[in-house]
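The values are calculated or read from the model by the stated rules, or taken from the named source; none is laboratory data. Just so you know, these numbers come straight off a predicted model, no measurement behind them. Counting neighbours? That spans all protein chains shown, and the Cβs are built from the backbone with ideal geometry, glycine included.
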Ligand SMILES: Nc1ncnc2c1ncn2[C@@H]1O[C@H](COP(=O)(O)OP(=O)(O)OP(=O)(O)O)[C@@H](O)[C@H]1O
Ligand SMILES: [Mg+2]
């Protein structure tokens with residue numbers, strides 16, 4: 001089912017300091033929104049807060065998915081409802097292979113194991129998606145992203161190059177099939193070919209799933225592949241201006257100096 005993400009006047013504190021100062025933004029199914037803003041303006045803070053990172057304290061406002069508040073939900077409950085974050089700095093997990101991680105996450109998302117037992121669904125009673133079935137699915141996705149199969153046997157992100165980590169995030173997204181995806185600087189570190197391959201993957205998924213996309217980026221180059229209908233300027237903890245795709249080009253050409261003068265922020 002398609003989902004609408006609604007962020008209402010969100011205020012967030014980190015380590016006692018207010019970072020988000022009233023963010024309001026709505027992402028509807030199939031829409032692409034780009035969020036652009038200077039370093040340290042709070043974009044990643046927003047993405048972590050949306051996923052429910054415990055360090056980020058919501059002091060006011062709300063986050064709604066199809067009208068339901070997410071604030072009381074844990075990150076995995078948010079994920080099950082269709083929210084996905086491709087992190088700016090994906091973490092390494094030594095000891096857990098990429099394959100095991102993907103299979104565990106996809107199984108949980110599709111209701112295998114605990115959920116199935118609770119619901120008395122015999123078919124999904126097993127803890128994990130059958131190995132052969134999942135292998136086929138993963139192989140298909142991994143070749144679309146032009147990743148080497150050997151990555152599956154490596155520990156999650158351990159020793160992955162910057163670009164390899166970003167591809168692994170999109171591989172995860174392809175298997176989890178979210179309804180709303182937040183991509184936090186997924187373009188950073190990708191080489192020119194990888195940028196195109198990853199963008200095509202994202203576009204394909206968006207068409208297939210009717211996914212809403214919130215794309216955080218510093219550069220227009222990504223927006224040449226993933227075409228946003230809406231571009232927002234994020235400045236000092238909130239959205240100060242929203243416009244169409246031409247805004248991305250203006251920012252690329254002029255930077256952020258004019259923003260302060262024009263919007264008094
Ligand atoms: N866990 C934390 N502890 C202390 N300060 C934090 C924490 N998380 C974020 N901040 C601060 O909040 C501010 C916003 O950081 P954030 O990472 O959200 O910025 P950003 O817009 O994503 O920047 P960039 O474009 O560089 O990725 C920064 O000043 C940062 O130092
Ligand atoms: Mg960031």
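For the stretch 54-63, a tally of residues being more than 14 Å from residue 11 (Cα to Cα) and surrounded by 15 or more Cβ atoms within 10 Å (Cβ to Cβ) returns 0. Only one of the numbered conditions (1) closer than 25 Å to residue 84 by Cβ; (2) touching a residue at least 24 places away in the same chain (Cβ under 8 Å); (3) surrounded by fewer than 21 Cβ atoms within 10 Å (Cβ to Cβ) is violated by residue 256, and that is (1). All of (1) within 29 Å of residue 45 (Cβ to Cβ); (2) outside any helix (DSSP H, G or I) hold for residue 170 with one exception: (2).
Within the stretch 197-222, the set of residues being within 16 Å of ligand 1 (Cβ to nearest atom) and either touching a residue at least 60 places away in the same chain (Cβ under 8 Å) or crowded, with 20+ Cβ neighbours inside 10 Å (or both) comprises 214, 215, 216, 217, 218, 222.
The conditions of being more than 16 Å from ligand 2 (Cβ to nearest atom) and at pLDDT below 95 are met by residue 204.
Quick one: which helices (runs of 4 or more DSSP H) lie wholly within the stretch 1-120 and hold at least 2 residues that are away from ligand 1 (no atom under 16 Å from the Cβ)?
Once the helices (runs of 4 or more DSSP H) in the stretch 1-120 are filtered for at least 2 residues that are away from ligand 1 (no atom under 16 Å from the Cβ), what remains is 75-80, 98-109, 114-119.
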